[in-house]
Amino acid sequence: MSLLSELNTLLSPLLPVETGVFSDTPPDRYLVITPLADTFGVYADDHPRNEIQEARLSLFDKGSYTFVKNQIVRALLN
């Protein structure tokens with residue numbers, strides 16, 4: 001499973017999630033996931049052993065974002 005699909009599955013129950021740019025009229029609170037990089041860690045034998053995926057999470061909220069931020073952090077850590 002890719003990082004992007006895992007993040008969508010994990011975070012979409014908490015708030016609306018979009019990849020890249022929010023396509024419709026944005027709600028008062030939403031999350032944008034921007035994929036950054038997919039790299040393979042190369043070791044001494046020049047063979048990759050794992051894939052490293054990176055993404056940026058951008059939370060947009062017209063009110064106070066701290067409660068939702070804490071929910072996101074707890075969901076990611078669990």
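Since every read-out is calculated from the coordinates, none of them should be taken as a lab result. Just so we're clear, the structure is a prediction, and the values are computed from it rather than from any experiment. Methodologically, a virtual Cβ is constructed for each residue, glycine included, from the backbone with ideal geometry; neighbour enumeration extends over all protein chains shown.
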Original post:
For residues in segment 17-58 being surrounded by fewer than 14 Cβ atoms within 10 Å (Cβ to Cβ) and of a type in the set (A, V, I, L, M), which is farthest from LEU7 (Cα to Cα)?
Top reply: ALA44
Subject >> Pairs where the first residue, in segment 3-18, is farther than 17 Å from ASP38 by Cα and the second is assigned to a helix (DSSP H, G or I) and not aliphatic (A, V, I, L, M), C-beta under 8 Å, 6+ apart >> reply: LEU14/GLN71; VAL17/ASN8
